[in-house]
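Taking it in order: structure first as structure tokens, then the write-up.
Throughout, read-outs are computed from the coordinates displayed, never taken from laboratory work. Predicted, not measured: the structure shown is a model, and the values here were computed from it. Cβ: placed from backbone, ideal geometry, glycine included. Neighbour counts: every protein chain shown.
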Amino acid sequence: MDFLGDALAKLSATPVQVAELVYGLSEEQLSWKPSPELFSMRENIWHLRDIDVEGYERRIRLILSEDASKLSDVNGRKLAKERNYNVQPIDPALTELAIVRASSVERLSACKDADLERTAEMEGAGTVTLRRLLEMWMRHDAEHLADMAELRRVVEANDGNFSVRKHEAA
């Protein structure tokens, strides 16, 4: 499979994988955090949603439609605190993540190989190509999916004794 096809497959799979990782968890399990610095399951979901909406979807649109576009950074930790992710219901975030991700994948599916070499200036990263942006996005997804898989393992292993270390904000 070529780079773009592989990227689109991985990016398309993330919302499904996220939904599978949280399926059947209680509200308490969704909000549990191993430490104040780390995201809960609930915070991971909202973070992925916001990064897609305010970060990657916008970045892709700009890099494909403008020459020498400027791509802003998104401070995920700041958003988590400001938006109080850990008390928000997950269903809207799961739905919006799936919708926005599908839209981004559809936009990307029209790309040609030459489009992957389009560049933009990204705050904190310098000059990036669309290819590099997709690599960053896939790595970001993989990191959060790994974190969520570990969180699921821990909350299930703690068999209901996980609320001892629940923290309110990221």
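With respect to (1) buried (at least 16 other Cβ atoms within 10 Å of the Cβ); (2) of a type outside the set (A, V, I, L, M, F, W, C); (3) not in a helix (DSSP H, G or I), the lone exception for Glu37 is condition (1). The set of residues in the range 100-135 being loosely packed, with under 13 Cβ neighbours inside 10 Å and either under 19 Å from Asp6 (Cβ atoms) or without any contact (Cβ under 8 Å) to a residue 40 or more places away in the chain (or both) consists of Glu106, Ser109, Ala110, Lys112, Asp113, Ala114, Glu117, Gly126, Thr127. When the test is whether a residue is within 23 Å of Ala146 (Cβ to Cβ), in a helix (DSSP H, G or I), over 17 Å from the mean Cα position of the chain (by Cα) and touching a residue at least 12 places away in the same chain (Cβ under 8 Å), Gln29 passes it. Does the range 81-120 hold any residues that are closer than 13 Å to Asp50 by Cβ and acidic (Asp, Glu), and which are they? The answer is Glu82, Glu96. Scan the range 106-137 for residues that are within 18 Å of the chain's Cα centre (by Cα) and more than 14 Å from Arg59 (Cβ to Cβ) and jot them down. Scanning the range 106-137 gives a single hit, Glu106. Restricting the range 105-152 to residues that are of a type in the set (S, T, N, Q) and not in a helix (DSSP H, G or I), the residue that is farthest from Trp32 (Cα to Cα) is Thr119.
Please verify whether Ile51 is closer than 17 Å to Ala142 by Cα, touching a Phe, Trp or Tyr at 6+ places or on another chain (Cβ under 9 Å) and touching a residue at least 60 places away in the same chain (Cβ under 8 Å), treating the condition exactly as stated. When the stated conditions are applied, Ile51 passes them.
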